[in-house]
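Derivation of every value follows stated rules applied to the coordinates shown; laboratory data play no part. Computed from a predicted structure; not experimentally measured. No Cβ is skipped: glycine too gets one built from the backbone with ideal geometry, and neighbour counts run over all protein chains shown.
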Amino acid sequence: MPVEGLAIWVAPIEYVILRKLEYFRASDSERHLRDVAMMIRISGDSVDQPELERWIDELDLGDVIENARRYRP
């Protein structure tokens, strides 16, 4: 994506969600769970659900995403 003539890389939302789930698993910091819950709520249909689910299965993050989906601040 060019910005003022410079090429920049922006992480897809699915990538950020996956990293946050891994960070939560590693640290047990509720902040990461809260962030994922908010990203899912705000991003809605812009999240590629089949791709996200594929990687959740691949990385064995099913239990963590369920915690994020149930999270209520």
- prompt: Counting other Cβ atoms within 10 Å of each Cβ, which GluC sites (Glu not before Pro) in the range 5-73 have at most 13 and sit in a DSSP loop?
  reply: none
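Would you kindly state how much longer the chain becomes between LEU6 and ARG19 on full extension, computed as 0.36 nm times their sequence separation minus their alpha carbon distance, in nm to one decimal?
Numbers: separation 13, 0.36 × 13 = 4.68 nm, distance 2.59 nm.
In short, 2.1 nm is gained.
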task: Find the relative contact order for the chain and round it to a whole percent, using C-alpha pairs within less than 8 Å whose residues are 6+ positions apart.
output: 34
On Cα atoms only, tilt of 13-27 relative to the major axis of the chain in degrees: 40
message: In whole Å, what are the extents of the chain along the principal axes defined by its C-alpha atoms, from largest to smallest?
response: 42, 25, 24
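Taking the Cα centre of the chain as origin and charging only Cβ (+1 Lys, Arg; -1 Asp, Glu), how large is the dipole, in debye to the nearest 20? Intermediate values should be presented prior to the final figure.
Working: 10 positive and 15 negative charges, 83 e Å.
Approximately 400 debye in magnitude.
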query: On a 0 to 90 degree scale, rounded to 10, what angle separates helix 30-43 from the longest Cα axis of the chain?
result: 60
